[in-house]
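Down below is the structure, laid out as structure tokens.
The values are calculated or read from the model by the stated rules, or taken from the named source; none is laboratory data. In this text the structure is predicted, and so the values were computed from the model without any measurement. Note: ideal-geometry Cβ built from the backbone for every residue, glycine included; neighbour counts use all protein chains shown. When the accessible area is computed, the model is the full protein with side chains, heavy atoms only, and any ligands, DNA or RNA have been set aside. Shrake-Rupley method; radii C 1.70, N 1.55, O 1.52, S 1.80 Å.
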Amino acid sequence: MKKVLVTSVVAAGLFFAAPQMADAALGDQTLRVGMNHADVTELQEALKSKGYFTFDRATGYYGSITADAVRKFQASNGLKVDGIAGPQTFAALKANGSTVVAASSSNTTSTLRVGARGAAVTNLQQQLRNHGHFSSAVDGVFGPLTERAVRSFQSARGLSVDGIAGPQTFSALGQAAVSGSTTQAATSTTLRQGTRSAEVTRLQDRLRQLGYFNSNSTGYYGTVTTESVRRFQAVNKLQVDGVAGPQTLSRLHGSNAAAASTASETVSASSSSSSIGSSLVSSANRYIGTPYRYGGTTTAGFDCSGFVQRVFSDVGVSVPRTVAQQWSSGTTVAAPSVGDIVFFATVNSGPSHNGIYIGNNQFIHSGSSTGVTVTSMSNSYWSARYLGAKRIH
């Protein structure tokens, strides 16, 4: 197998990335969402040859489209449906063609109802899960929970609501996948830290496309995803809570979603206070996840005042270096507004820690145990140590 270098581009919401290695054969390792590898290219080609991978070409990147193709193959061939290409999936892919169920032969036009069992039900449950209507275990048993999910989907698509998955329901499920109504379904739910689902993978894929998420999509909503959502919310002037609810998902998947690159825009010192405040928040969010470093003033690590100084410098405003100096140079305000510096007494009675107020009673700062993060001022630790706010811009 020859080594190949492909420039990474984003197209139709899918990342094309160069395989990192090219010396392993398909099946030598387990493949899952987020991987870039030549083996992923082979997997996609194998799935494509059987009608499961419908993207126009193999990309080498294991994203949500590949995971969905694997799930469909697994469901049709009586395997565990998890979207992960492991030994059993590879064995089925490599089996004699006559023993492998091709996508075209999958019986998705039959009628399924309560009491049905088998791969067709597994496939139905997975499709309903992908569209945000089924949150239970995919077990291949058409019980009350599956019936309820079918009714929910039928109602959302304007179909006759009978809880029976017949030709019209399957047709609508297929059309939803093509038309992108998975986004519509996703915007009616709420995703938060601790959630693990295909919807989270799509959320991560979209955040990465817009420049907010720099990790591999995993389908798990952890702290990295939470902070990425916070950044997106701040830049798009939404409530900054790290929870992907209907408003956040609607904006995220809509055409008016602001990319992270807009957060690097700077303003002149003569700009209005509100404009500077907004730009300060946008700049600050770029550094979420940067580690804490005592005396640090660079992206290798910030202390609290070094972080504040850097963010203000990004928007063309010069501030002193230390917490005490920043406290002395600012104008006291009764209540903080977006872009003001909030101060805390953590060591003695004077100011020893600070951050930038971002609205909704939250501030962004470089904490010694957290690095750059967003924190609520209602937190019992910080509320008890709050000294006041200063305006420097």
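Miscellaneous remarks
- Residues of the stretch 44-72 satisfying the condition of being among the basic types (Lys, Arg) and at pLDDT 85 or above: Lys48
- Residues (open to solvent by 40 Å² or more (accessible area, probe 1.4 Å), over 24 Å from the mean Cα position of the chain (by Cα) and modelled with pLDDT under 85) located in the stretch 24-43: Ala25, Asp28
- Scan of the stretch 286-300 for residues that are crowded, with 18+ Cβ neighbours inside 10 Å and either among the aromatic types (Phe, Trp, Tyr) or under 28 Å from Ala258 (Cβ atoms) (or both), ordered by number: Arg286, Tyr287, Ile288, Thr290, Tyr292
- Qualifying residue in the stretch 116-127 (condition: at pLDDT 80 or above, open to solvent by 60 Å² or more (accessible area, probe 1.4 Å) and touching a strand residue (DSSP E or B) at 6+ places or on another chain (Cβ under 7 Å)): yes
- Filtering the stretch 221-264 to residues that are over 16 Å from Val200 (Cα atoms), of a type outside the set (D, E, K, R), part of a loop (DSSP other than H, G, I, E, B) and in contact with a Lys or Arg (Cβ under 9 Å, 6 or more places away or on another chain) leaves Asn236, Leu238, Val240, Ala257, Ala258.
- Long-range neighbours under 7 Å by Cβ, at least six apart or interchain, first residue among the hydroxyl-bearing types (Ser, Thr, Tyr) within the stretch 301-323, second crowded, with 21+ Cβ neighbours inside 10 Å: Ser305/Val323; Ser305/Gln326; Ser305/Asn354; Thr322/Ser305
- Note on the stretch 44-68: residues that are surrounded by 23 or more Cβ atoms within 10 Å (Cβ to Cβ), under 15 Å from Leu93 (Cα atoms) and free of Cβ contacts under 8 Å to residues at least 40 places away in the same chain amount to 3.
- In the stretch 313-334, the residues that are modelled with pLDDT under 90, within 21 Å of Gly371 (Cα to Cα) and in contact with a helix residue (DSSP H, G or I) (Cβ under 7 Å, 6 or more places away or on another chain): Asp314
- Test: residue in the stretch 124-145 that is polar (S, T, N, Q) and more than 25 Å from the chain's Cα centre (by Cα): no
- Matching residues, the stretch 377-393, being of a type in the set (Gly, Ala, Ser), buried (at least 17 other Cβ atoms within 10 Å of the Cβ) and closer than 19 Å to Val240 by Cβ: Ala389
- Residue within the stretch 286-295 that is over 18 Å from Ser228 (Cα atoms) and of a type in the set (S, T, N, Q) present: no
- Just one of the numbered conditions (1) over 28 Å from the mean Cα position of the chain (by Cα); (2) under 13 Å from Leu387 (Cβ atoms) is not true of Ser329: (2).
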